[in-house]
Amino acid sequence: MFDLTDWICLLVAGAPTGLFLWLGLCSLLDRVPSERAMATAVRVALGCGSVALLTLAVVMWSGSMPRLTLALGHWLSLPHYDFTVKLLFDWLAMPFILLAYMLCITVGAFALRYMHREPGYNRFFVMYAMFMVGVMITALAGTIEVLFAGWELVGLSSALLVSFFHERAAPVYNGLRIWSVYRASDAALLVAAVLLHHWSGTGDFDVLLGRQPWPHGHTPLTDVHATIVGLLFLVAAAGKSGLVPFSGWLPRAMEGPTPSSAVFYGALSIHLGAFLLLRAGPIVQRSPWVAAAVMLLGLLTAVHAMLTGRAQTDIKSALAYASLTQVGIIVVEIGLGLRWVALVHLIGHVCVRTLQFLRAPSLLHDRHQLENALGTHLHDHLDSPRHARVSPVNAWLYRLALERGYLDACLTLYVVEPLLNVFRCCDRLERYWTTFLSGRRQHRARDIAPTEIDTV
Amino acid sequence: MESTNYQSLSTLPQPSEKPIDVREKSLHRAVENAVHLLPAQGPIGVFVHHNTLHALEHLSFHDAVQYAARLYGCEPYLTKEWYGDEYARGRIRKRDLVSVIQEDLADAADETVVLPTTRFDLRLAMVCFPIPTAPSVELRWFAANTDAFRRLRADAPDEARRRILGNTRQWVEAICTPPTSSFTERTGSGQRASSRSSLTRKSAKCEKRPERRVLSNVKAVSELLERLRKEYGTLDRWTGTAWETFTVRALWEVCRAGVRLSKLKETRPPARVRHRDLLLEATGEDSDMLVHPLLIRFCAAFVDQGFSYRPLPDRELGFFRAFCRLYGQKGGPPDAWRRGLSAELRRLDEGHVTPVQSLLESLDVLGVPQVEWDSFIAATLLAMRGWAGMVHQLEIRGDRAAIAVPQGSLLDLLAVQLILERFALAYIARRSLDFREPLSRLRRVMRAAWTPPAVRTPDERAFTVFQVAQLVGWSAAKLSQLTRDEWATLVREIEGFPEGEQRRILHLAYERRFRIQVFDALMANYHDTGVSPATLPSLRSMSSTPQRQRTARRFQAIFCIDEREESIRRHLEEVEPGVETFGVAGFFGVAMYYRGVGDLHAVPLCPVVMKPQHLVEEEVIEAEREVHRWRMEVRRALGHVTHGLHVSSRMGLLGALVAVALGVFAALPLVTRVLFPWLTSRVRRVAGRFMLSQHTRLRLERSFYTDACGDDNLLHHGFTVDEMAGIVERLLRDIGLTGRFSRVVFIIGHGSSSLNNPHESAHDCGACGGGHGGPNARAFALMANDPRVRAQLKTRGLDISAETIFVGAYHNSCDDALELFDQDLVWDTHMEDILAARRALTEACQRNAHERCRRFETAPLDLSPEAAQRHVEARAEDLAQTRPEYGHATNAVCVVGRRERTRGLFLDRRVFLVSYDPATDDATSTVLARILQAVTPVCTGINLEYYFSRVDPTGYGCGTKLPHNITALLGVMDGHASDLRTGLPWQMVEIHEPVRLLMIVESPPHVLHGILQRNDALRRLCDHQWMQLATLSPQSDDISVYTRNGFARYEPESPQLPVVMASIDWYRNRREHLGFARIGCKANIDRIFQTHHNREERVFNTFTYNV
């Protein structure tokens, strides 16, 4: 049976889940609770959860337990497949969860006031709770399947929150765009999970990554297997963290209300890719190819984001690219094997960026204060002769930055269009065969116009 | 790669035969016309309220809103449902509607539409009830799933219902009973054919007559009759339900037949002028989705006020040239739709093609004939009107921005926009429609193939008639007797009063009810307060009455006219009945550039229409200079650190270093600011006091040595004594304070500060052009205290008592803090007076905060005044607060007159109070004329901006604040790439009752008439009904309303006001807009506050007032 520690562990993950279930069920039954009731529910759930978490942290620290697992049973057992639900509390999960709780409490308190009287108040908090559950599950996952489940919840809630203002076209359009990027990268994670099962017969991290406390650990996979799985993990992480070439979704995510931008794209969601790579550290380190690829992608992302961020003219995009720069560097650190550095960097960066996102609407106020304090204009560099003439290289780079690295256009042109063409070709073939076999002409369904899927 | 000849010049139509400069001229004219329609909002840092439809002020208000509704696709009034709700809760009453419709129709009201319904009856019924409309598909749904075609409307008036049912029954029985027809005998045998023939026989007779009647068409009715008879048996066995079903169905069939018979054509909507609209309707693909993101990015980079780290290259070459250079480079974005763009731009750049030439080219390529240029260019610019408007504003008011843009930038923008549109349109047309002809033919081809958005079908039109018939009691029997011409009249009559007109009537009624409340309140106050002719000293001699002098006031306070200051004045008068308050435009006549200690810029503090000629600086006193210098150094160092941290956090490696080393510490401000806003505000306040010297002086006076900055722009350092005397004299004469000075006179400016609020400046003082009015108040007090000024004033006949001291103060309307200036200069003899007054002012601030809190849903209704003050303090500092205050959301009325006329009235923060004493004005009313000239634009600007932002929050306003994203330091976008959003956010206007400003002037009508004759701007506003004007007689309770035919005397409706002991008794536990009430005798408020928590106890139960 469960002992006390297990109950505490369960409460950490269970509190947000309970909140999500309650809010979600109320919405499904069309009994939308009042703002006050929702506020109370959020406070109670997060309060219980954080007390449990702090207790757990103290217990683990004082008992110098580097690692705790909470097995929730074998849900399905087949000869070659075993589905176990298992939560893992270790030096990687605990700091991340502590951070997630702190941010969720802060941003939750922020949103309770910020979203006041908004028609989608309830919807926002359902998504917010779903996101929290997703983050908890991802962070605490002890098996690859559990991780995937959490990963999906995060993706779904993010996409829905981007399209929060669904009465306008742009948020829906951009939400869909993000959703499709997530789909592509999630497919990589799913394939990785299947391959892991295929090669090692289990999805349990205890086996796959070793039982040693984080960051030590060894994987039983062979070099080739580790390379393939590692690269798939990298694709999954790239999608979620907006690494090159998926970075184009990041500014699009600013369509949602400010608190969701803050917690998702400034803070937790965008770092989940890095978290995945940290979790799969042994696999990444096992193969030098993967490590090199991680490093390279991180570096590319950092350079791209830095370059792009400098040309942005709106506060939220500028912050988004600043975020991405740091995420790129964190990924480089992971590639270099500096996992503790990466973790500390991640936590510090999350705190800084969330604060900046929440203050984004004060930009004018803050800037005014700052100019008064400094006694100079902050835009002096615009008038200085240094910038009067621009070299062709600079101008070319500027356009590249203003157009956000052409990443979206390239994806559309070189990935989406060819894929669509393949599908259209298949569609034509199918039609041809059915017509041929049935011997009569069929009505042609309307072609899906390409712009409904790809973008500009 | 496909050829790009759709866009390039090779397929240009024949060169135009007209000389080029003529074309250029008409192009400039077209742009000129379109420019006026763009939003006129400048950079958001200094928010100036103005009429959103300023460009249409030459039209009457109602024409303008309807025209703008078509032009911008916005709402002219609130929705009919909204007015319906107001009607239901009694805010609009039937008598308002009756009166408004009668006035609107004048003599045409009594014309008969269908006996016995007059046009008046018809319109009244149409505005009182919702009239659903539905497309045909939905009608089918109605028929299948609702009772709409089986039962009469549940809300139909009883009389109409009785009449319809009765008439139909008589009609059927008349048809079916033996003398007319042998219907009943044949029913048994079920000969449907014969029964139909009986009706058709009847109709055959009708057809012999010259006019056709509907009945001939209603075969359906007889079929229906037959079917129901089968179901329910003979007529005598029919139940009420059966009758009702038949009645409704018959009515519906007759309406359908009637509308078809009337053969009225519907007017078709005009053809779309933009290619994009045509293409969007045909293919579902929006070329603006391709063009706008690119254009928005470039616009933002071009007008950026210094946000982005890397400025736009070649910006100084202008919009057009910079764009050509940047996007003309090779190796650019691979988007399919932009293929060939860079080559085209290189051609323009290298060929030195001017923007105007390029525009002409584009218009030719797009095949827009010259006659359509006006509408085409206007529609194109309006498609992205926020950015276009901002570029234009920076062009013409470069002085209001840190970085201006060169003249002609708007033209450049348009040229670039059209070039991009060419590519986007060609791309979409080619891909979706396989359109391979020259682009100039696209519009013609599309228009030929375009089906206009379905004109309403006859059934849809009949559905409206069917609804109306049920409301006014027209039965099938009656309608079936109408001739074609009568039907045409009927349909025309109903369709001639479309929803837009109904909403206009409802809006007028809505305004009327409020107007009457105001008038009645003013009249009642006149009778109740003893401000009656008997007690009023006769005019002219009043100000010098010795009686007045003897009952000298405890102190006097001069506030801004702002309607938000109404409540604090009222509370002050309740706390200290011996006080006298005044209202005057909040810059107090001191138009200046002001630079505070520690400020980088000097900001203009005066209405936007003025350009100050004086600079006033704040300085630290001599003794503190050294400390101050040290403080400034610390402040600068801290600023450098903060700025450095912020900048480096956005860098690469440096950012990593900062995040690793210091990142975690950011959690501290993050958590405390969000979770404990009030505590943070306290800490910040203490820290701020430490950082900035509190002992300062204004350098107010001009001296020979310091007046060096007046190089060429006539800007002087400070004021001369003459100028000061002029300012003081003018203000005191304006408000009529020329005698009876109390020992202390406060001058209280106001402003607002809040965090996380891009629209912060919109809450500031409008008379200071969106700045804080504190420095103006401080400067005025110093001027008025100056003995030389007083000596000079004495020679001009204005004797300020030597016992009187003026004290400047600043009221923060967001956190209700009050700050007194220059207290160290107060004479020792007056210390006690000031302390006592200060206590009263503080108490008034607290009560003011309490009254304001009733509007905030997050503030509990049972807050104590102290808790209310803490609540508003936290609100101002709360990062998560989207409603730090409600701003001008309650503005509605402006009263120009003596405070005695409004004192003691609970005006619910809805009234701009301008002090003016008709007794002290001269014979030609110069004072009144100049007051009106100054006050009207400010008040109507605020009022109309709120009106439009409330009426269409996303069209005229900028929608909800939550997704707002500050861009280029100039304005806000929704998300990462939207049009610049102008107007006010929803959170500022959500509680606003949109009514046009009602200005009431205490002056005889003939005087005001004279002023209107002399002041064109004011007359135009009144004549075109952008505001309402009325006069209040100085000697009696007479009120006259300005109409098209001059002033008309107002007849009171119910000049009875509820009386309460104190404001709190009236507003307690209520969140909504309140009616007016009179605050009774000297209020014993302490007692009330003690019993405050006992909710059961009410001093007066006076809720019968409103409904």
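The values are calculated or read from the model by the stated rules, or taken from the named source; none is laboratory data. In this text, all values refer to a predicted model and were calculated from it rather than measured experimentally. Positions of Cβ are generated from backbone atoms using ideal geometry, with glycine treated the same way; all protein chains shown enter the neighbour counts.
Things worth noting here:
- Whichever residue in region B:815-847 is of a type in the set (A, V, I, L, M, F, W, C) and part of a loop (DSSP other than H, G, I, E, B) and, among such residues, is farthest from B:Gly596 (Cα to Cα): B:Trp827
- Tally, over region B:38-59, of residues that are within 15 Å of B:Ile396 (Cβ to Cβ) and under 17 Å from the mean Cα position of the chain (by Cα): 9
- For B:Arg685, the criteria (1) more than 25 Å from A:Leu103 (Cβ to Cβ); (2) modelled with pLDDT of 90 or more hold in every case but one, which is (2).
- Per the conditions (1) within 24 Å of the chain's Cα centre (by Cα); (2) buried (at least 17 other Cβ atoms within 10 Å of the Cβ); (3) of a type outside the set (Val, Ile, Thr), the sole criterion not satisfied by B:Ala30 is (1).
- Index of the failed condition, A:Ala100 passing every other in (1) touching a Phe, Trp or Tyr at 6+ places or on another chain (Cβ under 8 Å); (2) in contact (Cβ under 8 Å) with a residue 24 or more places away in the chain: (1)
- Residue tally, condition at the interface with another protein chain (Cβ under 10 Å from one of its Cβ atoms) and either farther than 17 Å from A:Gly256 by Cβ or over 18 Å from the mean Cα position of the chain (by Cα) (or both), over region B:955-970: 9
- Helices (runs of 4 or more DSSP H) contained in region B:712-804 and holding at least 1 residues more than 14 Å from every other protein chain (Cβ to nearest Cβ) and over 29 Å from B:Arg554 (Cβ atoms): B:721-735, B:787-795
- Which numbered condition B:Tyr947 fails, given (1) touching a residue at least 24 places away in the same chain (Cβ under 8 Å); (2) surrounded by fewer than 24 Cβ atoms within 10 Å (Cβ to Cβ); (3) of a type in the set (Ser, Thr, Tyr): (2)
- Each residue in region B:848-881 was checked for being in contact (Cβ under 8 Å) with a residue 24 or more places away in the chain, under 23 Å from B:Ser752 (Cβ atoms) and in a loop (DSSP other than H, G, I, E, B), and 8 of them qualify.
- Looking only at residues of region B:672-701 that are of a type in the set (Lys, Arg) and within 23 Å of A:Tyr114 (Cβ to Cβ), we find that the one that is surrounded by the fewest Cβ atoms within 10 Å (Cβ to Cβ) is B:Arg684.
- Residue count for region B:334-346, restricted to those that are more than 17 Å from B:Val416 (Cα to Cα) and free of Cβ contacts under 8 Å to residues at least 60 places away in the same chain: 2.
- Tally of residues being at the interface with chain B (Cβ under 7 Å from one of its Cβ atoms) and either surrounded by fewer than 24 Cβ atoms within 10 Å (Cβ to Cβ) or part of a helix (DSSP H, G or I) (or both) across region A:306-317: 7
- Residue ID - nearest to A:Arg113 (Cα to Cα), chosen from residues in region A:330-347 that are surrounded by fewer than 24 Cβ atoms within 10 Å (Cβ to Cβ) and at the interface with another protein chain (Cβ under 8 Å from one of its Cβ atoms): A:Ile347
- B:Ser567 falls short on exactly one of the conditions (1) more than 23 Å from B:Thr936 (Cα to Cα); (2) away from chain A (no Cβ under 14 Å); (3) outside any loop (DSSP other than H, G, I, E, B), and that condition is (1).
- Residues (in contact (Cβ under 8 Å) with a residue 12 or more places away in the chain, within 7 Å of chain A (Cβ to nearest Cβ), within 31 Å of the chain's Cα centre (by Cα) and farther than 16 Å from A:Ile315 by Cβ) located in region B:279-306: B:Pro293
- Every listed requirement among (1) under 26 Å from A:Ser158 (Cα atoms); (2) more than 26 Å from the chain's Cα centre (by Cα) is met by A:Met38 save one, (2).
- Residue within region B:640-651 that is within 14 Å of another protein chain (Cβ to nearest Cβ) and touching a Lys or Arg at 6+ places or on another chain (Cβ under 9 Å) present: yes
- Flag if B:Asp979 is surrounded by fewer than 24 Cβ atoms within 10 Å (Cβ to Cβ), away from every other protein chain (no Cβ under 14 Å) and at negative phi: no
- Per the conditions (1) facing another protein chain (nearest Cβ under 7 Å); (2) under 29 Å from A:Pro215 (Cβ atoms), the sole criterion not satisfied by A:Asn372 is (2).
- The single condition among (1) within 12 Å of chain B (Cβ to nearest Cβ); (2) within 15 Å of A:Val332 (Cβ to Cβ); (3) touching a Lys or Arg at 6+ places or on another chain (Cβ under 9 Å) that A:Leu299 does not satisfy is (3).
- Unmet criterion (only one of (1) surrounded by fewer than 24 Cβ atoms within 10 Å (Cβ to Cβ); (2) more than 18 Å from A:Ala170 (Cβ to Cβ); (3) more than 9 Å from chain A (Cβ to nearest Cβ); (4) out of contact with any Lys or Arg (no Cβ under 8 Å at 6 or more places or on another chain)) for B:Glu316: (3)
- Scanning region A:399-416 turns up no residue that is hydrophobic (A, V, I, L, M, F, W, C), surrounded by fewer than 14 Cβ atoms within 10 Å (Cβ to Cβ) and modelled with pLDDT under 85.
- Residues (within 12 Å of another protein chain (Cβ to nearest Cβ), among the small types (Gly, Ala, Ser) and part of a helix (DSSP H, G or I)) located in region A:155-200: A:Ala169, A:Ala170, A:Gly175
- Where helices (runs of 4 or more DSSP H) sit wholly within region B:87-167, those with at least 1 residues that are within 30 Å of B:His1073 (Cβ to Cβ) and modelled with pLDDT of 85 or more occupy B:94-105, B:119-128.
- Taken together, the residues in region B:220-245 that are at pLDDT 80 or above and closer than 15 Å to B:Leu479 by Cα amount to 0.
- Residues of region A:247-281 that are within 15 Å of A:Ala318 (Cα to Cα), small (Gly, Ala, Ser) and within 9 Å of chain B (Cβ to nearest Cβ): A:Ala253, A:Ser261.
- Residue-level analysis places A:Ala109 among those that are free of Cβ contacts under 8 Å to residues at least 40 places away in the same chain and either more than 14 Å from every other protein chain (Cβ to nearest Cβ) or within 23 Å of the chain's Cα centre (by Cα) (or both).
- Residues of region A:201-228 that are surrounded by 15 or more Cβ atoms within 10 Å (Cβ to Cβ), in contact (Cβ under 8 Å) with a residue 24 or more places away in the chain and assigned to a helix (DSSP H, G or I): A:Phe205, A:Asp206, A:Leu208, A:His225, A:Ala226, A:Thr227, A:Ile228.
- Any hit, region A:67-76, residues being within 19 Å of A:Ile137 (Cα to Cα), touching a residue at least 60 places away in the same chain (Cβ under 8 Å) and touching a Pro at 6+ places or on another chain (Cβ under 6 Å): yes
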